[in-house]
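The values are calculated or read from the model by the stated rules, or taken from the named source; none is laboratory data. In this text, all values refer to a predicted model and were calculated from it rather than measured experimentally. Here Cβ is always computed from backbone atoms with ideal geometry, including for glycine, and neighbour counts include all displayed protein chains. When the accessible area is computed, the model is the full protein with side chains, heavy atoms only, and any ligands, DNA or RNA have been set aside. Shrake-Rupley method; radii C 1.70, N 1.55, O 1.52, S 1.80 Å.
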Amino acid sequence: AMKFSGYLKVRIGEAVGLQPTRWSLRHSLFRKGYQLLDPYVTVSVDQVRVGQTSTKQKTNKPTYNEEFSATVTEGQQLELSVFHDTPIGYDDFVANCTLHFQDLLRSTGTGDSFEGW
């Protein structure tokens, strides 16, 4: 598998269509209706966290426009994960996606940037 070594810059724009978690449903004051999250996004390279957005309050379509940079050595994959910020205990996992550097490099030239999602 192709590995990436170099400078990585990731901009987190927005998330859409986030679904409520069991915790948010259980602890909601509003038993009926749509549940809103307090979401944030983590950016990891090969399971090492290199960035985390701020938490947006009460929204299932947060806008961040936050940028993270990291120097990567032989990186294999980039993972973006969304969590619901809970007041106590561990934060709730909402969603994630994994992007392989090999696929990103294949779809662009070496000097290009990749824009997607």
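Of the whole protein surface, E67 contributes about 90 Å² of accessible area at a 1.4 Å probe radius. Restricting the chymotrypsin sites (Phe, Trp or Tyr not before Pro) of the stretch 58-100 to loop positions (DSSP other than H, G, I, E, B) with no more than 15 neighbouring Cβ atoms within 10 Å leaves Y90. Straight-line reach from K9: taking Cα to Cα under 19 Å and skipping same-chain neighbours fewer than 8 places apart, the aspartates and glutamates in range are D46, E66, E67, E74, E79, D103, D112, E115.
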